[in-house]
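The values are calculated or read from the model by the stated rules, or taken from the named source; none is laboratory data. Every value quoted in this text rests on a predicted model; they were computed, and no experiment measured them. Virtual Cβ from ideal backbone geometry, glycine too; neighbours counted across all protein chains shown. Accessible surface is based on the protein model in full, side chains and every heavy atom, while ligands, DNA and RNA are left aside. Shrake-Rupley method; radii C 1.70, N 1.55, O 1.52, S 1.80 Å.
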Amino acid sequence: MNPKIQIKLQDPETNSAILMMNSLWEEIQNRYGFQAPNPMKGEYFKGPKYGFWIAEIDNRPIGSIAITPWNDSIAELDVMYVDPEFRGTGLASELINGLELFAKQNGFTSIRLRAGAPQPEALRFYEKHGYSRIDSFGKWASDETAWCYEKLI
């Protein structure tokens, strides 16, 4: 990873966080072939045991990852995004490793997430990092495009 890149826990309602959520949503719409308003809001990532990290280079947001509690022992990974210019640099691994450490420190024993077939790079990435496919859960249970994953930590 580039030593100039800094990853910081940030308020999810900052302009940088909103930019990352919008960038992710734009990519999701392109990959899945639909148009809809962005359902992600900063307020959804605030509270005890929540976290929203932004990766920046020269104060430019280039990546993000967020965690929300599903219950007392399970957390959900969300808003995982790396600017295409920085993919393949190790930044995504830095983001997920930091999130997993935060999850452990906050008493979670597993992390779940949602991806899908139109995101083959993401699927390979999660599997490489020890995530295994599980049945769709929660708000994803009725989503036919959802490929859900979980990792015990």
Problem - Some residue of region 98-106 being touching a helix residue (DSSP H, G or I) at 6+ places or on another chain (Cβ under 8 Å) and either surrounded by 13 or more Cβ atoms within 10 Å (Cβ to Cβ) or within 23 Å of Asp143 (Cβ to Cβ) (or both) - result: no
Exercise for the section: Considering (1) in contact (Cβ under 8 Å) with a residue 24 or more places away in the chain; (2) outside any helix (DSSP H, G or I); (3) of a type in the set (S, T, N, Q), say which one Gln35 fails and leave the rest. Expected result: (1)
Fill in the blank from the handout: Note on region 67-102: residues in contact (Cβ under 8 Å) with a residue 24 or more places away in the chain, more than 10 Å from the chain's Cα centre (by Cα), closer than 19 Å to Lys128 by Cβ and not in a loop (DSSP other than H, G, I, E, B) are Phe86, Leu91, Ser93, Glu94, Gly98, Glu100
Handout entry: Among (1) of a type in the set (Gly, Ala, Ser); (2) surrounded by fewer than 20 Cβ atoms within 10 Å (Cβ to Cβ); (3) at pLDDT 95 or above - the single one Gly138 does not satisfy
Key = (3)
Exercise for the section: Please work out if Glu13 is without any contact (Cβ under 8 Å) to a residue 60 or more places away in the chain and in a loop (DSSP other than H, G, I, E, B). Expected result: yes
Problem - Pro37 vs. criteria open to solvent by less than 60 Å² (accessible area, probe 1.4 Å), over 19 Å from Glu121 (Cα atoms) and of a type outside the set (S, T, N, Q) - result: no
Handout entry: Top-ranked residue of region 107-124 - restricted to ones that are buried (at least 18 other Cβ atoms within 10 Å of the Cβ) and touching a Ser or Thr at 6+ places or on another chain (Cβ under 7 Å), ranked as modelled with the lowest pLDDT
Key = Gly116
Exercise for the section: Kindly provide the set of residues from region 40-85 that are acidic (Asp, Glu), closer than 27 Å to Thr109 by Cα and open to solvent by less than 30 Å² (accessible area, probe 1.4 Å), ordered by number. Expected result: Glu76
Exercise for the section: Return the pairs, sorted by first residue and then second, in which the second residue is part of a loop (DSSP other than H, G, I, E, B), the first residue lies in region 118-140 and is without any contact (Cβ under 8 Å) to a residue 60 or more places away in the chain, the beta carbons are less than 6 Å apart, and the residues are 6+ apart or on different chains. Expected result: Ser136/Ala146; Trp140/Ala146
Handout entry: Residue check for Asn59: out of contact with any Phe, Trp or Tyr (no Cβ under 9 Å at 6 or more places or on another chain) and at pLDDT below 95
Key = yes
